[in-house]
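The values are calculated or read from the model by the stated rules, or taken from the named source; none is laboratory data. Everything numeric here is computed off the predicted structure, so don't read it as measured data. All Cβ positions, even for glycine, are placed from backbone atoms using ideal geometry, and neighbour counts span all protein chains on display.
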Amino acid sequence: MHRVVIIGCGFGGLLAAKALRRAPVEVVVVDRTNHHLFQALLYQVATGVLSEGDIAPPIRDVLRHQRNARVVLGEVVDVDVEGRELTVDTLGQATRLPYDSLIVATGASSSYFGHDEYARDAPGMKTIDDALELRGRIFGAFEIAELEPDDASREPWLTFAIVGAGPTGVELAGQIAELSRRALRANFRRFDPKDARIVLLDAVDTVLPAYPERLRRRAKRDLERLGVEVRLGTRVVGVDETGLDVSSGDGETGRIEARTKIWAAGVQASPLGRILADRAHASVDRAGRVAVESDCSLAGHPEVFVVGDLMALNDLPGLAEVAMQSGHHASRTIVRRLRGREPKPFHYIDLGTMATIARFRALATIGRLQLSGFVAWVLWLVIHITFLVGFKNRLAALANWVVAFIGRGRRQRTITKQQVFARTRGLESQNGNGATPTVQLEKTGAA
């Protein structure tokens, strides 16, 4: 039987697998995690609105009724395009996995524009681990601020700097503002959480640059009304444990003392893209995306497809809808070829974009229609409930949204030292230093 291997089970990989459920093929889904991730809602995990289980159902459970599909846990570390074989690493054990057709849907990760050292003190947000670490840092900052004896030493803990004013940065800034102004009210005795300073920075001169100008102005106004300090035309030139250094367009430099920094400024394609391009003699763009033919296949290798954030085709944006449509198209192309039909080019249908700013505040563009405010927020809720996989996940997310948005609570506020220090420990172990970080532990008396 014809074997289709799908690497990655985000929206592109999952839609590709489901599109083959009635095809006469064997489907093998390979992913380095055991869950399908709704990445667009990670910021709500980081800010205590949703639990990780709400947005990350197990892949095996999602595909349990698809009898022609099986799941392999592991990370693909090499691709032999001539021999049609993958090398899969699972906890240090390498195995070989042959394929007849291949769909690569490994997505993207955070880009620090050549300054990967920033990741230690300013985590990005692309995985469940990232979101849980940020949750620990955000809520932990409020906890440590309660222990500080005076306002001066407390201020850096109550300053949250978000780098990048795209959808992720805007949504994070809005939720941290709501968290401090509404959800944490009366939770602390030595300070008022509403005094927290939320700073949103970007080197460009607007928020949400991909949106129409009217909606960009509306987003900036809504953020400022929430108490977010929006600093545009400001470039980050240094990041350390206690803050970040910035430079404005006119060359003026400054510093923001902030214990909690979050990086939402850019993305780069999965490293597997460059490996695949090297093996197949394909080209990649500056972000590491692989150039593909009009049907999403690799030039010279029609059996290999690259979809979603990993493909470079017609300047398509890195959106979930692009991943879903291209993944579905790749699977249908495989079926067409098995039936002896010619492949068709991929045509993306733009269904619009949307971003939420805070409770009852959102933006949406659908064709020429531009929506904002409460109507856009309700539309955002409906669309995201629909995109969640599984009835149980939809019901759980809806319950948490009622608590957070209709009420003022955040049910998912549990944090652990493991979450906060996982990245630091990992980097130190790579550098040969296994010492446990003590700065925050000493504050809590746990060291």
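Structural remarks
- Answer from A358, A291, A320 - the residue that is modelled with pLDDT of 95 or more, surrounded by 15 or more Cβ atoms within 10 Å (Cβ to Cβ) and of a type in the set (G, A, S): A291
- Any chance L298 is touching a helix residue (DSSP H, G or I) at 6+ places or on another chain (Cβ under 8 Å) and surrounded by 18 or more Cβ atoms within 10 Å (Cβ to Cβ): yes
- Only one of L50, L42, L37, L20 that is more than 28 Å from R137 (Cα to Cα) and not small (G, A, S): L20
- Residues within region 190-201 that are out of contact with any helix residue (DSSP H, G or I) (no Cβ under 7 Å at 6 or more places or on another chain) and touching a residue at least 24 places away in the same chain (Cβ under 8 Å), tallied: 2
- The residues of region 196-225 that are assigned to a loop (DSSP other than H, G, I, E, B) and surrounded by 20 or more Cβ atoms within 10 Å (Cβ to Cβ), listed by number, are A196, V207, L208, Y211.
- Just one of (1) at pLDDT 95 or above; (2) farther than 24 Å from A40 by Cβ; (3) outside the structural domain of Y211 (by TED's automatic domain parsing); (4) of a type in the set (G, A, S) fails for A105. It is (2).
- Verdict on R154 being of a type in the set (K, R), buried (at least 16 other Cβ atoms within 10 Å of the Cβ) and under 26 Å from L208 (Cβ atoms): no
- Residue count, region 278-300 (criterion: on the phi < 0 side of the Ramachandran plot, under 23 Å from the mean Cα position of the chain (by Cα) and part of a loop (DSSP other than H, G, I, E, B)): 4
Yes or no, residue by residue, for (1) assigned by TED's automatic domain parsing to the domain that holds D245; (2) at pLDDT below 95; (3) out of contact with any Lys or Arg (no Cβ under 8 Å at 6 or more places or on another chain):
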position	(1), (2), (3)
N68	no, no, no
R84	no, no, yes
L91	no, yes, yes
L97	no, no, yes
S101	no, no, no
K126	yes, yes, yes
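- Qualifying position, being modelled with pLDDT under 90 and either touching a Pro at 6+ places or on another chain (Cβ under 7 Å) or surrounded by fewer than 17 Cβ atoms within 10 Å (Cβ to Cβ) (or both), among R341, R408: R408
- Here A210, A186 are screened, and the one residue that is in contact (Cβ under 8 Å) with a residue 40 or more places away in the chain and in the same structural domain as R259 (by TED's automatic domain parsing) is A210.
- Of all residue pairs spaced 6 or more apart or on separate chains, those with beta-carbon atoms under 9 Å, a first member in region 68-94 that is closer than 21 Å to M1 by Cβ and a second member that is among the aromatic types (F, W, Y) and assigned to a loop (DSSP other than H, G, I, E, B) are R84/Y99; E85/Y99; L86/Y99.
- Meets criteria (at pLDDT below 95, over 29 Å from H384 (Cα atoms) and not acidic (D, E)) for R286: yes
- When R332, R336, R289 are checked against the criterion of being in contact with a Gly (Cβ under 7 Å, 6 or more places away or on another chain) and of a type outside the set (S, T, N, Q), R289 stands alone in meeting it.
- D78 being among the charged types (D, E, K, R) and within 30 Å of T353 (Cβ to Cβ): no
- From the options D315, D278, residue that is more than 27 Å from E82 (Cβ to Cβ) and surrounded by fewer than 16 Cβ atoms within 10 Å (Cβ to Cβ): D315
- Summed over region 374-385, residues that are free of Cβ contacts under 8 Å to residues at least 60 places away in the same chain and in contact with a helix residue (DSSP H, G or I) (Cβ under 8 Å, 6 or more places away or on another chain) total 2.
- Considering only residues in region 54-90 that are of a type in the set (S, T, N, Q) and not in a strand (DSSP E or B), the one that is surrounded by the fewest Cβ atoms within 10 Å (Cβ to Cβ) turns out to be Q66.
- Pair list, Cβ < 8 Å and 6+ apart or interchain, from region 216-234 residues that are without any contact (Cβ under 8 Å) to a residue 60 or more places away in the chain to residues that are part of a helix (DSSP H, G or I) and of a type in the set (A, V, I, L, M): G227/A177; V228/A173; V228/A177
- Residue match in region 344-365 (condition: farther than 30 Å from H301 by Cα and without any contact (Cβ under 8 Å) to a residue 12 or more places away in the chain): no
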